[in-house]
Every structure is written in structure tokens, then in C-alpha cells.
Amino acid sequence: MILNLRFAAVYSMKVSVVIPAYNEEDFLPQCLESLLSQEVPPDEIIVVDNNSVDATAEIARKYGVRVVKEKKQGMIFARNRGFNLARYDIIARCDADSIVSPQWIGQIKKAFAGGDIIAMSGPCYFYDLQRFRKFKKAHKLFLKAVYFRPSRIMLGHDVLFGSSMALLKAGWLKVKNEVCMNDRAVHEDMDLTIHLKPHGRIKFDPRFVAAISARRLRSPKTLVDYPTRWVKSLRHARKMKKAAIRRNNS
């Protein structure tokens, strides 16, 4: 009886999955297939078409998921549109090139059933580094070394990673009017973390694993842009902290 009650508590929370997408016809099918093959199915899937000029929207419709349009160009605008339209208790978010494990939704529901977190994320590995496909652990350690661990050290808490994350809809409603709206100024997932942290615990779960494309690492522009925005995100966090201290002392 107790086990049945726990099972009911875990799966009573519903999950909306949001996927921002811009010209993702080559990657979106495998992402949607992984979501539609979940052991515990998502309660809705929203693909936010951010002015794609390819078959992104048509592909999403063929898979029977909800497709919405965001005319303002940019990841943050697309993400916010999806989060605002999400119907359910938990908002899960992945990228169009993410391939999530069959347990992904179930892991999310179990994590939030404990009631002690506001958001969660986990490690990822690259599925299309052909020469290194066998070394998934090395990929996860790479991301941990260049993003998760330095961010935790600098911020003092775990951070979210946009390719595989989830948060309470109630948490989003608290910060939706505070998050940075400039894609060039911050990493949107790190910025979201910074705004959510005062409202609850951010959890990094090493078992919450997803596969992602390494396509961005092949661009010299990315290798400069990502560290630059990481530093900008940290500066933004410090400004927020100082502002909070001033408010508390006034």
C-alpha cells in the first residue's frame, strides 16, 4: 500500500517538454523519437519554431506534437514562449539535437516528487564525435570540467544545462519577468539558474544523462563566444547579488 502511494505521488505530477528550434530538420526527428519512446511518457511536447525556413515545423507536426511560433528571433525568446505556454507542473527542456534516455521523464518525475528542488540538470555526452563515440565518460568529464564544475565553484551552487534540464512551472512564474533577454549577454541556462536559485535548490544529478551533438564545438566562433558569455553571466550574477544585499540593508 505504501509503495503504491509513493508510486502515485511520483507520477501524479505532469511534465511539459519544451524544445526551442531554428532550422533543425536534420536533428529534430531523433530528438522527438527519443521523447516519444519514454518509459513514462511526457504529458505534452511543445516545439517552438523560431522562424525556421526549413521543414522543422512540418516534421514536428508529423510527429503529432504541439507546434507554436515565436517571431522574435533568439533562443531566449523561443524558450520563454514555450515555458509560458507549458500547461503542466514541471517544464522539461532539451535542445532539438538532444537524444534523451528512455528513463528521462521518469527520472524527472521522481526527482521532483521529493519536493526539495526547484530545478535539475545532468551531464551530457556527444553522440556524433565519431572517433570518440566509445568514450562517453570522457565527454561528460569534458563538459563537467569546462562548464559544470567551474560554474559551481564561481556561483556556489549547481547550474542548469539547456540541453537537458527541468524546473517547476511555479519557479518559472517567479522569475519570468526577471531573466535576461539578451542572448549575447549571457548563457540563457546559466542566467535562468541564477534567477531560480533564491527560490529553491538546483540539483545536478549524474544519473540524468542525455546525448547531444558536438556540432557547436566545430565552430571557431563558438570557442570564443561561449567562454565570453560565461564570464558575462558571472558578472551578471555578481551584480544581482550586490543589488540583493543593498535591498536587504535598506
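The values are calculated or read from the model by the stated rules, or taken from the named source; none is laboratory data. Given the structure is predicted, the values throughout are model-derived calculations rather than measurements. Note that we place each Cβ from the backbone using ideal geometry, even for glycine, and neighbour counts take in every protein chain shown. Just the protein is used for accessible areas: all its heavy atoms, side chains included, with ligands, DNA and RNA removed. Shrake-Rupley method; radii C 1.70, N 1.55, O 1.52, S 1.80 Å.
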Quiz item: Want the number for LYS174 to LEU217: 0.36 nm per residue separation, take away the alpha-carbon distance, what's left?
Solution: 12.1 nm
Practice problem: For LYS69, LYS239, LYS174, give the ranking by accessible area with the largest first, probe 1.4 Å. | Solution: LYS239, LYS174, LYS69
Quiz item: Going by accessible area, probe 1.4 Å, with all protein chains left in place, what is the ranking of TYR88, TYR127, TYR226, largest first?
Solution: TYR226, TYR88, TYR127
Exercise. For every other residue with a beta carbon closer than 11 angstrom to the beta carbon of VAL179, add +1 if it is Lys or Arg and -1 if Asp or Glu, then tell me the sum.
Key: -1
Exercise. Count the net charge of all other residues whose Cβ sits under 13 Å from the Cβ of ILE105, scoring Lys and Arg as +1 and Asp and Glu as -1.
Key: 0
Quiz item: Rounded to the nearest 0.05, what FRET efficiency do ALA113 and LEU36 have when you use their Cβ-Cβ distance and R0 = 22 Å?
Solution: 0.45
